[in-house]
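A short worksheet on the structure shown next.
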Amino acid sequence: MEEGKVERRFPVKPKLKSKARNRKQTSESKYWSSFKTRQIPDLISVPSLTFSPTHPHSFAAAHSATLTLFSSQTLSPTAKISSFSDAVSCASFRSDALLLAASDLSGLVQVFDVKSRTPLRRLRSHTRPVRFVHFPVLDKLHLISAGDDALVKFWDVAEETSVAEFTGHKDYIRCGDSSPVNSDVFITGSYDHVVKLWDVRVRDSKSSVQVNHGAPVEDAVFLPSGGIVATAGGNSVKLWDLIGGGRLLFSMESHNKTVTSLCVGRIGNDFGEESNQFRIMSVGLDGYLKVFDYGSFKVTHSMRFPAPLLSVGFSPDCSTRVIGTSNGVIYASKRKVKEREQEKEIESSSFWRVAPVERTEKSVLRPSHFRYFHRGQGEKPSAGDYLVMKPKKVKLAEHDKLLNKFEHAEALVSVLESKNPENVLAVMEELVARKKLLKCVSNLGVEKLELLMVFLHKYCTMPRYSSLLMGLSKKVLEMRADDIIASQALKSHVRNLKRSVDEEIRVQQSLQEIQGIISPLLKIAGR
């Protein structure tokens, strides 16, 4: 009957592709990873970065008592403005990019002509350092400023006078922004934990809406809709609905330290289904840049930098991102433009153009072709091929190679010179298993024995290694007593070893006394 049974076999489809080791990147992570970062060094702490709203979108960086203009195309400095008596704290371009306002810690606000870099207006009214200056998005005639005197001033730039003054904050004012849909509305954030909404048409110095962030406010920005505000303070970024009376929408606490700056940027046109959407970028003293999608309320990308971050800016054409640090380095990132985007730009800019040449696909090789049997390693497998994976060669350490050659003493010396306690213990345990450890110790020279004594003195009292090293120390002293007596260096190591062991014994005795005191108390408490 057994001979009559038919053995059935089922073919198994081979796996043509090995599993990826790294987690698959999302489309948005690929987008932000396409920005290639370049450092702009030799500056001092950069508290403010601002982009020009018009093409080619140059940006201004405030550092020390200087305001430097950079080209967003080459990331190189194009001009410097040094007519400041104190450190520059903030800068802002007008909507047409013809004027640039900047404030410093002396309380002076200056308005410059961008082309000639000459100061056109000097606005003096603040008695303390000015931390915030801003041109309203839809207004070319007025300017907003605020500072450590807890005052908000609305300036007529042409007349060089303060049109309105707003009071209500109880601490330093450090940030603010103007509404993208209404030139008469703006916000300010202060160290009194409060963000206030002001209306220039209301002159009674009372804000219509105010929200409490719960921590000193470092930055506050309007979202493009004009009805939602993002505030940064402490380690959190919060979204508030101003139309709903200042209702809290969401709180993002992804940073580990204080969030110092916020920026709203639009992602590029070639970003799949989520093209032309806006993201909030936040930087903090923990060195992290976080990209936050406020539509889905989640962090979509994160990046670490090797210094505390103070400011961030993103160009309106989605091609340049700049980050200012406390150590005077600007991390400027340019996004690579793909060939098809360049072709679209050329097609849109030129009337006469040559039709592109059609790209023919490479013909599929079949077993009937001679070249089929001379394919290289870069050839991808077809559906019917069996993929044979070549095992990767394991790279061994020097002591592992010596153990494989049964050179035990050399392996012990090699791992002692590496000064890695885990590797030393692993080699010693292997030599114990091979019954060669004591033989290796007896054959060590005086210099190599000194290495072993240094290791025993350093690690024999550690609980992780004491079970093996205490017994080994005793054996070494018994076996190499003559060599130790003859060498002053070895004697000093033995004295250090004895001192460490005595100290450990005293610690253990103290712990036993404490245990004897606590154990009756624990029993009484258990009753």
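The values are calculated or read from the model by the stated rules, or taken from the named source; none is laboratory data. This is a predicted model, so every value here is computed, not measured. Glycine gets a Cβ as well: all are built from the backbone with ideal geometry, and neighbour counts include every protein chain shown. Accessible surface is based on the protein model in full, side chains and every heavy atom, while ligands, DNA and RNA are left aside. Shrake-Rupley method; radii C 1.70, N 1.55, O 1.52, S 1.80 Å.
Sort E447, E513 by accessible area with a 1.4 Å probe, largest first. Please list the in-between numbers first.
Values: E447 145, E513 125 Å².
The ordering from most to least exposed comes out as E447, E513.
Report, in whole Å, the centroid distance computed from the Cα atoms of the range 125-157 and the range 26-47.
30
If packing is taken as the mean number of other Cβ atoms within 10 Å per residue, what is the order of 403-415, 36-48, highest first? Mind dumping the intermediate values first?
Details: 403-415: 18.0, 36-48: 15.2.
Ranking, from highest mean packing down: 403-415, 36-48.
Given a 1.4 Å probe and the protein chains all in place, what does the accessible area of H374 round to, in Å² to the nearest 10?
Approximately 130 Å² of H374 is accessible to the 1.4 Å probe.
Tell me the relative contact order for the chain as a rounded percent, counting alpha carbon contacts under 8 Å between residues six or more apart.
Numbers: 993 pairs, mean separation 47.5, N = 527.
Once normalised by length, the contact order is 9 percent.
Taking every eigenvalue of the Cα gyration tensor of the range 398-519, multiplying by 5 and rooting it, what semi-axes result, largest first, whole Å? Show your work: numbers first, answer last.
Numbers: eigenvalues 163, 67, 25 Å².
Value: 29, 18, 11 Å, ordered largest first.
Computing the accessible area with a 1.4 Å probe over protein heavy atoms, can you report the carbon and sulfur percentage for the range 483-527?
Values: 2140 of 3620 Å².
For the range 483-527, the apolar C and S fraction of the accessible surface comes to 59 percent.
With all protein chains present, calculate the accessible area of Y172 using a 1.4 Å probe and round the result to the nearest 10 Å².
So the heavy atoms of Y172 present about 80 Å² to solvent.
Cross-link list K392/K439; K436/K458; K395/K448; K36/K80; K401/K458: which exceed 30 angstrom alpha carbon to alpha carbon?
Working: K392/K439 36 Å; K436/K458 23 Å; K395/K448 26 Å; K36/K80 25 Å; K401/K458 26 Å.
Over 30 Å Cα-Cα: K392/K439.
Give the accessible surface of the chain per residue, rounded to a whole number of Å², with probe radius 1.4 Å and ligands, DNA and RNA excluded. Numbers along the way, then the final one.
Numbers: 31060 Å² over 527 residues.
Computed with neighbouring chains in place, this is 59 Å² per residue.
Would you mind computing, in nm to one decimal, how far apart the modelled labels at L468 and A486 are, each placed 7 Å from Cα along Cα→Cβ?
3.0
What's the magnitude of the charge dipole for the chain around its Cα centre, counting Lys and Arg as +1 and Asp and Glu as -1 at the beta-carbon? Answer in Debye, nearest 20.
Magnitude of the dipole: close to 2260 debye.
Using a 1.4 Å probe over the heavy atoms of the protein chains, calculate the carbon and sulfur portion of the accessible area of the range 23-131 as a whole percent.
49
Rank R131, R506, R201 by accessible area, highest first, at a 1.4 Å probe radius?
Working: R131 70, R506 125, R201 150 Å².
Most to least solvent-accessible, the answer reads R201, R506, R131.
Using a 1.4 angstrom probe with every protein chain in place, what is the largest-first accessible-area order of H63, H369?
Details: H63 15, H369 80 Å².
Result, largest first: H369, H63.
Would you work out which of A525, G287, H63 lies farthest towards the positive end of the dipole of the chain, given +1 charges on the beta-carbon of Lys and Arg and -1 on that of Asp and Glu, about the Cα centre?
A525
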